[in-house]
Amino acid sequence: LVANIGVLKEHGVEKLFHLEPGLKVGGFESVQDVVYLVRPTIANMKLVSEQVIEAEGEAERKDRKKGGGPGGGARKNLHFSVYFTPRKTVICERILEEEGVLGSLQVDEYPLWLIPFEEDVLSLELDSVFHEVSVERDFSSLYDVASAIVQLQKVCGVIPQVEGKGE
């Protein structure tokens, strides 16, 4: 977590959850906005889609109990936003579209590149990069590493020598 929970609560955050299967976001009456801050992975898109579909279905059932017809405000009860970090990808948007929830979401990116842990320690917190590159031979995450280096150079100046280990 990047921010202190107290700071988030001061800015109007009521509940904070980790994205996991079976979590129902629509069950909280006082919640009007649901914001997802997620890595752009297929698994995360499936979980977000499930939760949006469940919440919208629950809202529609409540509308019917109150005497409203189908579609009578189910999408007005909750506003969903998805922020991809560090960047959004076409494949994730396509999955959301295939799941039928893209129209219910505000989609954007939050370029959270380097997270400072100490005065001289920065991390991208990309725990799957080694597996993606060495096992799956998927080099797309190296774009995030390169972008973080570029961002660092914009702030600190040109790094005179950048080295990497491996192939």
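The values are calculated or read from the model by the stated rules, or taken from the named source; none is laboratory data. Keep in mind that this is a model prediction, so the values were computed, not measured. Here Cβ is always computed from backbone atoms with ideal geometry, including for glycine, and neighbour counts include all displayed protein chains. When the accessible area is computed, the model is the full protein with side chains, heavy atoms only, and any ligands, DNA or RNA have been set aside. Shrake-Rupley method; radii C 1.70, N 1.55, O 1.52, S 1.80 Å.
Structure data summary
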item: Solvent-accessible area per residue for region 91-139 (1.4 angstrom probe, square angstrom); result: 71
item: Label-to-label distance, nm, for residues given as ARG137 and LYS15 (7 Å Cα→Cβ offset); result: 4.5
item: Solution diffusion estimate, µm²/s, Stokes-Einstein, region 77-139, Kirkwood Rh from C-alpha pairs, 4 °C, viscosity 1.567 mPa s; result: 92
item: Student exercise, region 88-167 dipole from Lys, Arg, Asp, Glu Cβ charges, in Debye to nearest 20; result: 280
item: Cross-link table LYS46/LYS66; LYS24/LYS65; LYS24/LYS46; LYS24/LYS66; LYS9/LYS65, entries beyond 25 Å C-alpha to C-alpha; result: LYS46/LYS66; LYS9/LYS65
item: Additional length obtainable on full extension of the chain from GLN106 to THR41, 0.36 nm per residue less Cα span; result: 21.7 nm
